[in-house]
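The values are calculated or read from the model by the stated rules, or taken from the named source; none is laboratory data. Not measured: the values here are computed from a predicted model. Methodologically, a virtual Cβ is constructed for each residue, glycine included, from the backbone with ideal geometry; neighbour enumeration extends over all protein chains shown.
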Amino acid sequence: MDGRMEFCDRCGCPAALAETESTHHTSEGLVRYRRCGCGHRWVQVLAFAEAPGRLPLGSGRSGRSGG
């Protein structure tokens, strides 16, 4: 299973409806532990470029002003 899982492997329910049990920041992105209503659990891995609200490294937005 990867970060792009769309449906539960056990019951076929959309993964978007699964509960996020916990989210952890890593040096490369986010790791989420998810659980479907049927009880099936999986790990979702999101790289910084895929994580919501994150900018990819080297995007040129450092938060600094000046010239």
_So, in the range 13-45, exactly how many residues are assigned to a loop (DSSP other than H, G, I, E, B) and among the hydroxyl-bearing types (Ser, Thr, Tyr)?_
2
*Under 9 Å by Cβ, and 6 or more places apart or on different chains, what pairs join a residue from the range 36-55 that is at pLDDT 90 or above and aromatic (Phe, Trp, Tyr) with one that is surrounded by 14 or more Cβ atoms within 10 Å (Cβ to Cβ) and not in a loop (DSSP other than H, G, I, E, B)?*
Trp42/Ala15; Trp42/Tyr33; Trp42/Arg34; Trp42/Arg35
*For the range 17-32, enumerate the residues that are more than 9 Å from the chain's Cα centre (by Cα) and surrounded by 14 or more Cβ atoms within 10 Å (Cβ to Cβ).*
Ala18
*Residues of the range 5-16 that turn out to be within 14 Å of the chain's Cα centre (by Cα) and either loosely packed, with under 12 Cβ neighbours inside 10 Å or charged (D, E, K, R) (or both), as a count*: 2
